[in-house]
Amino acid sequence: MDRALVVWVGAALALVFLMAMPLAWLTVMSVSSEAGTTLGHYRYVFTDPALAKSLWNTVVLAFWVGLVSIAIGAPLAWLTARTDVPGQGLIRGLVLASFVTPPFLGAFAWEMLAGPNAGLLNKVWRGVTGSDHPLVNIYTMPGLIFVVAIYTFPYVYIMIANTLALIASDLEDAASILGAGRLTVARTITLPMVLPAIVSGFILSVLQALALFGSPAILALPAGFHTITTQVWSFFHFPPKIEAAAAISMPLLGATAVLLWLQKRLLGRRGYAAVGGKGGTRRRIALGAWRVPALLACLAVMACAIFLPYGILAKAAFSRAWAQPVGWDNLTLANFTFTFFEYGATRAAIVNTLELGVITASVGAVLVAVLAYVTNRRLVVGHQIVAFLAFAPVVIPGIVLAVALFIAYTRPPFVLYGTLAILFIAYLTKEMPVGYGQSDATFRGIPPDLEDAGRILGAGRLRVLRDITAPLAKSGIIAAWCFIFIGVIRELSASIILFTPNTKVMSVVIFDLKEEGQFGAIAVLGLVMLALTFVTVAIVQRALGRDVLGARE
Amino acid sequence: MSAVRLKGLTLRYGGVDVAAVDNLSLEIGDGELLALLGPSGCGKTTTLRLVAGFLDPEAGEIWVGDRCLSAPGNVVPPERRRMAMIFQSYALWPHLTVAQNVGYGLRFKRDLARADREKRIAEMLRVVQLAGYEARYPGELSGGQQQRVAVARALVVEPEILLLDEPLSNLDANLREEMRFEIRRLHEAFGITTLYVTHDQAEAMVISDRIAVLQAGRVAQVGTPDALFERPRTRFVAEFIGKTNVVDGVAAAPDVVEHGGVRLTVAGARFTPGAGVALSVRPHQIDLVEPPGAPAPNVFAATVRRSSFLGDSLDYEVTITGSDLVLRVVGPATRRLAPGQVVGLRIDPSACVPLDGA
Amino acid sequence: MPTSPLRLAAFALAVVVALAVAVPVPAQDARVEAARKEGKVVWYTSLVLPSAERVAKLFETAYPGIKVEVHRTGSERILQRVMQELQANIRNADVIHTSDAGHFVLLKGKNLLMKHAPAGVDPFPAGFKDKDGYYYGLRATLNVIAYNTKAVVAAEAPKSWKELLDPKWKGKLVTAHPGYSGVIATHVLALSHLHGWDYFKQLAQNRVMIKQSAADPSVVVASGERVVAVNGGEYTAYKAKKKGNPIEIVYPREGVPLVVSPTAITAFAPHPNAAKLFTDFTFTRDVQQFLADSEGLYTGHPDVKYPADKPKLSDLKLLTVDPEELEKRNEEIKKKFVEAFGA
């Protein structure tokens, strides 16, 4: 029982610091005023026309992002999982790239691509057609939906591709042999089996859209509308209305919890990371003449998510003026010089980001490894509760977590605001579910027999941990480390509330530069962030020896 | 001395009322190979894991010779029990080579010089016919080879006690049969006190010195394979070990059991007349004879209802004339009876084994 | 982005300044020594980033061993930062410089400013000096209209604030935000005096793109994303024009809001000596002249000469606002703006 006590006290303390105390403060703040307890903030949030509008905007955005994500992700998943479309490895690689691209960088790039007048695409359109009107205007709700969806559809893709890969062709053949036509098979067998994956991909995309701050801040604010997240952020402007920020956080928190609960029920116990199990043989459908058009369609989607945005970022990084044509007189390295050598905040921010990334990933990887080990080996009474708690932070959107942490840690007894510690807590909490999911799968893959075999031959518990468990879990834990690291270096929605000038991170610097219109420097920092991300992804792929997205070939 | 004594072991899993192991007592002699036999859920694996020390009993004691390994409040951890175990999954470490797997247990033998260690690994690999495979990883071996690595890893440490948990269940039928003899041979060569868990009675009978049949966490019967087969004490044991006919009847005399007009004389029995009695009669101990002309003790006329050709023998289902008693009978392949044919059955009184708990 | 001639000039100037400051002033030695012990000065500034970094470099060249830590963001964000930090008991800022004079009224009222008159500010005009001596105008800029010369010919360009209400500009305008920029907060108050709040409601009918920094509208116009900037700091538009961007500045005839951006040392400055040294440095004629030359700003320094292609302040009808009023109506300005424009 002694070891149970240590784990329990540890878990309980961590829970209090990471979640319970901040959320309690959030709740208290949302009903407090100088005159005592009040529901006035809620009344204000729900009745003020501008705020009600922002709530509605968020609903519209999230719903459509979910639908568009399905429209993109489902066909793509089907093509790569069940047909002989060429270039599958390439497509999967690009989906992965879209998955790890920080959405706010995408939004920023799309400003340069599809601003109604200076946007590159619109300029080309005008040049080609002679039209007066832009092809697309990214500063609109549909524009925002599009830019968010091209980075959230991988959630749908992963869910569906993994499910399709598990449905044996036998099941479909069984229906065909009974006389069902191809469409009937798709409608009556394949679709119902994939439906939970589709719905749960929809929910995951909706959750992403609900919690996103960067893209709406970049695209919605110039167009004159708010979402909940940008509204929360603007409540922090002077004079601050923290109580209102707390109150408007509540519907976001509630919606997330309900949606996740729904998704969990849909998927049963399969969790959201990857669907396990074995199926029979799977046959690929021959597309025939449609092979090349199908590939082109996939690449068109990827052009939106990857090629065009990355291209324009690279152009902006090396240009004096991003909107001017590429040419020798527009080519410069000054943006790099400025970003790295003249702008003092950059280096500090890169150092802070890397420091936070490494520390959070290291502490987090060890923590989730211990938690996953304890829960998988059932070392303590109530291990199921520990597992639940490790997953719990997934219901807290980043910006809500930040508001809660801000309230909790700007006052005694724990004044952490202004230190990297508060960002560390935010990141650790936010990334815990992802890391835990990865570690859990790792330990689930190591049969307890392997440890018992060591024990009985004379090795103590710790020795077995060192000689057997650790080497076997190593690659899985490295992967968890990388997942956390990637999550941390791109984090914006919590950082934007919690940073101080001395604790700026890269995403915040990018956002700061954005507000000032420093395109060149943003592009440079964005490229740095992408490079860091892709190096880390490469490490994961090596460690796991497989695709990060989890779907099998 | 490495005789093992289990005294009143009890363990319940997480608040369940039914004990997985229920007041179980058992002795395994020094150098003996004892099989724990039973259907799944009978507590045999739990018992093995209690002996290994992976589980702590709620009550009871485990002794090896004069060493107490487990008593309430004093439990020796697995690594200090001087045992070795072969797992159903083999539990080979995929990140270690064959030589490293086999040599792992020797790392904890401080007095063993490095050179001696290598020598013992090589010797053991030779014994299990895996010389030359030292640098392979388990993933690169066939199932049978993996199994031999598991055996080598367990034996190389010269354990006082060897525990085997259904080690053959992952092998295909031919290999399984071969490995039974192999294990027996190794046991005879090394003479290690061995506890062997299996649900396969044929396997248990080939390998073991004695078998303990477990039922619902308790020992139903312990004995040599012969004794268990010839003199099963309970219906459960009789039915679990080999095929049998159980005849439920009433004692008509101290040595006679009657079932629906069929009277069976039982050798050496002392029944209370009128009491309910169950008898076990093995199919191969029923002789097929010519239909009797006149009534004789333990000889009956019967009709063949079904016959199945098994290659080296025939399996018949027969109904005794003038009775509802249906018996299974094994006949020689040289003479085939067709369904509907009338035959005679002779059952030796010594082939009728009374069972407890009728 | 800095072009090389500008950087050369800056470097040359830095050398001159360094010589000027370092050689003839033994009386300052004790102060410099004290500042050097502190090692750095933390500057919360709303001066656009490249300009702020250049001023910092000038100081670091003049006083080796004292670093300037530049934290640049919009005026309103600076106030938000300072107040949030104080709430959490963080004392980080030494020198605060924003374009919202109201901030300094507020900070002074809360006793958060240190009284310090930079050397040589006596001859500055009254609008650059706090009567109690807590804050002084470091620089000034105008709020102007800017348009893209490729998209609009000079004759068609708007000449007045009112002309921006013409529906022909629908979808072609860009504004910065008073919730971010002090320059714009000042501008909004000045124009509300001139034309009333209805002016902004009508302006919003033209579906104005909303950016944050007062520096950004000229960037947007230069890129061609929008045709006309309905406000924005004149100095950023001027610099964009000097760099060869297709942009022209209009000084509206109804009046041009003048934004004086004060600077002050905080009462809680962790590096008070470095803060004083830095503040004094920024008010020297050389630095003030540098702000005028390379950054296109106006200053209160009577000896500063301005580029010939910039209008003289005395030739313009200037609109000024009272810092006290700006402070009092800060929240109202932002709220009314958001009501009109939506975000």
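List of remarks:
- Within the range A:328-373, considering residues that are within 14 Å of another protein chain (Cβ to nearest Cβ) and among the small types (Gly, Ala, Ser), the one nearest to A:Thr533 (Cα to Cα): A:Ala349
- Residue list for the range C:215-256, restricted to those being among the charged types (D, E, K, R), more than 12 Å from every other protein chain (Cβ to nearest Cβ) and farther than 20 Å from C:Ala204 by Cβ: C:Glu234, C:Lys239, C:Lys241, C:Lys242, C:Glu248, C:Arg253
- Scan of the range A:444-464 for residues that are in a loop (DSSP other than H, G, I, E, B), under 15 Å from A:Tyr373 (Cβ atoms) and within 7 Å of chain B (Cβ to nearest Cβ), ordered by number: A:Pro447
- In the range A:106-137, residue farthest from C:Ser223 (Cα to Cα) [restricted to those that are of a type in the set (S, T, N, Q) and more than 12 Å from chain C (Cβ to nearest Cβ)]: A:Thr129
- B:Pro94 satisfies every condition listed in (1) farther than 28 Å from B:Val4 by Cβ; (2) surrounded by 16 or more Cβ atoms within 10 Å (Cβ to Cβ); (3) within 11 Å of another protein chain (Cβ to nearest Cβ) except (2).
- The range C:238-293, subset hydroxyl-bearing (Ser, Thr, Tyr) and in a loop (DSSP other than H, G, I, E, B), residue surrounded by the fewest Cβ atoms within 10 Å (Cβ to Cβ): C:Tyr251
- Test set (1) touching a His at 6+ places or on another chain (Cβ under 6 Å); (2) within 14 Å of chain B (Cβ to nearest Cβ) - A:Ile468 fails condition number: (1)
- Test: A:Val380 is under 30 Å from B:Tyr90 (Cβ atoms), surrounded by 18 or more Cβ atoms within 10 Å (Cβ to Cβ), within 14 Å of chain B (Cβ to nearest Cβ) and modelled with pLDDT under 90: yes
- Subset tally (residues that are acidic (Asp, Glu) and over 19 Å from C:Phe341 (Cα atoms)) for the range C:186-238: 1
To keep it simple, each residue is scored yes or no on (1) modelled with pLDDT of 95 or more; (2) within 14 Å of another protein chain (Cβ to nearest Cβ); (3) closer than 30 Å to C:Gln80 by Cβ; (4) touching a strand residue (DSSP E or B) at 6+ places or on another chain (Cβ under 7 Å).
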site	(1), (2), (3), (4)
C:Gly296	no, no, yes, no
C:Lys305	no, no, no, no
C:Asp315	no, no, no, no
C:Glu331	no, yes, yes, no
C:Glu339	no, yes, yes, no
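- Considering A:Tyr436, A:Tyr409, A:Tyr417, the condition of being touching a Ser or Thr at 6+ places or on another chain (Cβ under 6 Å), in the same structural domain as A:Asn352 (by TED's automatic domain parsing) and surrounded by 21 or more Cβ atoms within 10 Å (Cβ to Cβ) is satisfied by A:Tyr417 alone.
- Verdict on B:Arg117 being out of contact with any strand residue (DSSP E or B) (no Cβ under 8 Å at 6 or more places or on another chain), in a helix (DSSP H, G or I) and surrounded by 20 or more Cβ atoms within 10 Å (Cβ to Cβ): no
- Of everything in the range A:232-262 that is buried (at least 24 other Cβ atoms within 10 Å of the Cβ) and within 14 Å of another protein chain (Cβ to nearest Cβ), the residue that is nearest to A:Phe202 (Cα to Cα) is A:Val232.
- Note on the range B:253-350: enclosed strands (runs of 3 or more DSSP E) holding 2 or more residues that are touching a residue at least 40 places away in the same chain (Cβ under 8 Å) and closer than 22 Å to B:Ala238 by Cα are B:256-259, B:262-265, B:276-281, B:286-289, B:326-332, B:342-347.
- One residue from B:Glu203, B:Glu182, B:Glu178 being modelled with pLDDT under 90, in contact with a Leu (Cβ under 9 Å, 6 or more places away or on another chain) and assigned to a helix (DSSP H, G or I): B:Glu178
- Hits in the range C:182-214 - residues which are within 9 Å of chain A (Cβ to nearest Cβ) and among the polar types (S, T, N, Q): C:Gln212, C:Ser213
- Residue in the range B:186-193 that is crowded, with 23+ Cβ neighbours inside 10 Å and either away from chain A (no Cβ under 14 Å) or touching a strand residue (DSSP E or B) at 6+ places or on another chain (Cβ under 8 Å) (or both) present: yes
- Which listed residue, of A:Trp78, A:Trp64, A:Trp56, is aromatic (Phe, Trp, Tyr) and within 14 Å of chain C (Cβ to nearest Cβ): A:Trp56
- Any hit, the range C:265-276, residues being at pLDDT 95 or above, small (Gly, Ala, Ser) and closer than 23 Å to C:Gly179 by Cβ: no
- Among the residues listed as A:Leu221, A:Leu195, the single one being closer than 20 Å to A:Pro397 by Cβ, within 28 Å of the chain's Cα centre (by Cα) and of a type outside the set (Val, Ile, Thr): A:Leu221
- Taking the numbered list (1) crowded, with 21+ Cβ neighbours inside 10 Å; (2) over 20 Å from the mean Cα position of the chain (by Cα); (3) not polar (S, T, N, Q) in turn, C:Leu142 passes all entries but (2).
- Here the condition is being within 13 Å of chain A (Cβ to nearest Cβ) and modelled with pLDDT under 90; of B:Arg110, B:Arg49, B:Arg12, it holds for B:Arg110 alone.
- Restricting the range B:63-91 to residues that are within 9 Å of another protein chain (Cβ to nearest Cβ) and small (Gly, Ala, Ser), the residue that is surrounded by the most Cβ atoms within 10 Å (Cβ to Cβ): B:Ala84
- Qualifying residue in the range B:305-323 (condition: over 20 Å from B:Lys243 (Cα atoms) and acidic (Asp, Glu)): no
- Residue list for the range C:36-65, filter: assigned to a loop (DSSP other than H, G, I, E, B) and closer than 29 Å to A:Glu515 by Cα: C:Ser46, C:Leu47, C:Val48
The values are calculated or read from the model by the stated rules, or taken from the named source; none is laboratory data. Predicted, not measured: the structure shown is a model, and the values here were computed from it. Cβ sites come from the backbone with ideal geometry, for glycine too, and all protein chains shown count toward neighbours.
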